[in-house]
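One structure below.
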Amino acid sequence: MRNLGSGVSRELTNQKRCTHVIAHGACAKLWATAVRQFMMQRVLTLRLARFCTLRTKLSLSVRPATANMSTLLINQPQYSFLKELGLHEDNDGVYNGSWGGQGEVVTSYCPANNEPIARVRQATMAEYEETVRKAQDAWKAWADVPAPKRGEVVRQIGDALRGKIKALGSLVSLEMGKIYVEGVGEVQEYVDVCDYAVGLSRMIGGPVLPSERPGHALIEQWNPVGLVGIITAFNFPVAVYGWNNAIALICGNVCLCTAMAKDERVGLLSFTGSTHVGKQVAMMVQERFGRQLLELGGNNAIIVFEDADLSLVVPSAVFASVGTAGQRCTTTRRLMLHESVHDDVVERIAKAYKQIRIGDPWDPNTLYGPLHTKQAVQQYLAAIEQAKQQGGTLVCGGKVMDRPGNYVEPTIITGLPHDAPIVHTETFVPILYVLKFKTEDEAFAWNNEVKQGLSSSIFTKDMGRVFRWLGPKGSDCGIVNVNIPTSGAEIGGAFGGEKHTGGGRESGSDSWKQYMRRSTCTINYSKDLPLAQGIKFE
């Protein structure tokens, strides 16, 4: 069970949507503690404790180290929870039996004030190679552990996370910029997935199928793929990793972060990020006929019909478009309103936007924090300018806020045609494009016409329309909702999307199958040799 520092291919090192340095380090330390406790109880798996590692993938909030120690947030009393998590001014970025990291030193910055948090020493390619070799050795022991006992390790990981959930939530908030309750909620999601994986560890398996030959048994055997590489996104540095890690572990795999897409030793590469980077990852993995799990972009829509309950519509649209400052893959970016309710809904949502409490992510009263990077602020401004040029009208927002950090106003734009280029562009910022439609067919078509196919939702009381929406001519997305927002998926269902969203599925349902390989096995327990299809070969 392992995570590595920065052994990532050069094609990916400067990409935009990667994971956080410090948050993964803190989780990895708790993870390692839980595993070690289990190993002390069970000699069979003792060797695995040596292979728990620190996850330290570069993100845009991480820059080459320049900050003086006295200016680091980790030394300020209000951030004492960082040291509670075992973090220091300078942190080793690799664990593969011992802590190390001889590569580039980088600094993680807080997007709420753009001040440095702490530094991390990344891995060299030699350390990457050493860590992969040790991961392969760890797998030899881990694959022999019965699945329910692997589930027991994952249970202890969840318990370790529970014990530090507030501190870890504060860290996510500090490093990513999401509000505190979302940071805690993200760690809770990892905990919940651990619980889910514990139960799953006693349920995974294939069917016994009826053989057409007498004296034969036909079964499906599922085995781990071996080494799972996980590259996750900045916006959910804990939860998305947890989805992959917990389920991959109970399936009998070991995990490596920031693994190179071209590395043939990686049995499955799970990548969460932008469609642009996902295409590069997919090509590199496909070139070696590797397996991939892609969770990419989403240009998600809420469709509001004339019979919708507007008391549900308004809070749903506000949460889904403004939550996490518009930096979720499931964020609502297009709000399609029937012409009969358009003006009323726009007025209500604009009023709600003006009441959103903007401030420090750690303030429990705050509902809206900063964008993750200065680059995101520039993307926000560029998108607004393009929307204006393409015929959009600014209803509210549209400005960078005059305060420290990467704060921008949540924005609503109306008047754009449904097929305007900017409407079809996923800009990872809090801009909501409001469109006016007349018919159901029109709305369904507009939902499906974008390249991404992640999340979608309609608001209606018409049950016939509900089932048309769920059917073959309805939404083409992987997540299809009714009377709830596009954000807020539950772990029990498979998470992922279609088209340029990548086609991957994580977490619930039968997503565990992606972390395993299937063998169809035929066993002849008779003394005869009948051939399939009744063939006679004499």
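The values are calculated or read from the model by the stated rules, or taken from the named source; none is laboratory data. What you are looking at is a predicted structure, and each value in this text was computed from that prediction instead of being measured. No Cβ is skipped: glycine too gets one built from the backbone with ideal geometry, and neighbour counts run over all protein chains shown. What goes into the accessible areas is simple: the full protein's heavy atoms, side chains included, and nothing from ligands, DNA or RNA. Shrake-Rupley method; radii C 1.70, N 1.55, O 1.52, S 1.80 Å.
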- Message: Going by Cα centres, the stretch 158-199 and the stretch 313-361 are how many Å apart?
- Response: 26
- Task: Tell me what the chain gives for mean residue ellipticity at 222 nm when only DSSP H runs of n ≥ 4 count, each as -39,500 (n - 2.57), the sum divided by the residue total, rounded to 500 deg cm²/dmol.
- Result: -10500 deg cm²/dmol
- Note on the structure: The Rg/Rh figure for the stretch 263-318, Cα atoms and Kirkwood Rh, to two decimals is 1.32
- Please figure out what share of the DSSP beta bridges in the chain is antiparallel and state it in percent, rounded to the nearest 5. 45
- Message: Looking only at the stretch 421-534, where both bridge partners belong to it, what percent of the DSSP beta bridges are antiparallel (to the nearest 5)?
- Response: 50
- Query: Between Rg and the Kirkwood Rh of the stretch 430-469, both from Cα atoms, what is the Rg to Rh ratio?
  - Reply: 0.96
- Task: Express the Stokes-Einstein translational diffusion coefficient of the stretch 480-538 in µm² s⁻¹, to the nearest whole number, given a Kirkwood radius over alpha-carbon pairs, 37 °C and a viscosity of 0.692 mPa s.
- Result: 205
- How compact and how long is the stretch 300-490, expressed as Rg and Dmax of its alpha-carbon atoms in Å? 15.8, 50
- Item | Kirkwood hydrodynamic radius (C-alpha pairs) into Stokes-Einstein, the chain, 25 °C and 0.890 mPa s, D in µm²/s | 101
- Note on the structure: Among beta bridges assigned by DSSP with both residues in the stretch 300-490, the antiparallel ones amount in percent, to the nearest 5, to 15
- Task: Tabulate in residue order the Karplus-calculated ³J(HN,Hα) for the stretch 526-536, using 6.51 cos²θ - 1.76 cosθ + 1.60 with θ = phi - 60°, rounded to whole Hz; enter x for Gly and Pro.
- Result: 9, 9, 10, 10, x, 9, 5, 6, x, 5, 10
- Item | Using θ = phi - 60° and Karplus 6.51 cos²θ - 1.76 cosθ + 1.60, couplings along the stretch 87-103 (whole Hz; Gly, Pro as x) | 8, 9, 4, 10, 10, 5, x, 9, 9, 9, x, 8, 6, x, x, 10, x
- Task: Place the peptides 477-484, 264-271 in order of packing, highest mean first, counting for every residue the other Cβ atoms within 10 Å and averaging per peptide.
- Result: 264-271, 477-484
- Message: How large a share of the accessible area of the chain, in percent, is made up of carbon and sulfur atoms when the probe is 1.4 Å and the other protein chains stay in place?
- Response: 53
- Added length on full extension, which subtracts the Cα-Cα distance from 0.36 nm per residue, ASP510 to ILE535: 5.4 nm
- Accessible area in square angstrom per residue, the chain, 1.4 angstrom probe: 40
- Note on the structure: PRE zone check, label point 7 Å out along Cα-to-Cβ of THR520, amide N under 19 Å, scope the stretch 211-249, hits 211-223
- Kirkwood hydrodynamic radius (Cα pairs, Å) of the stretch 238-331? 15.9
- Within the stretch 279-309: backbone nitrogen closer than 16 Å to the GLU442 label point (7 Å, Cα to C-beta): 303-307
- Message: Heavy atoms of the protein only, probe of 1.4 Å, neighbouring chains included. What is the accessible area of SER201 in Å², nearest 10?
- Response: 10
- Item | Cα-derived Rg to Rh of the stretch 220-279, Kirkwood definition | 0.99
- Query: According to a simple spin-label model (label point 7 Å from Cα along Cα-to-Cβ), what is the distance in nm between ILE356 and LYS279?
  - Reply: 3.0
- Query: Roughly how compact is the stretch 132-243, stated as its Cα Rg over 2.2 N^0.38 Å to two decimals?
  - Reply: 1.41
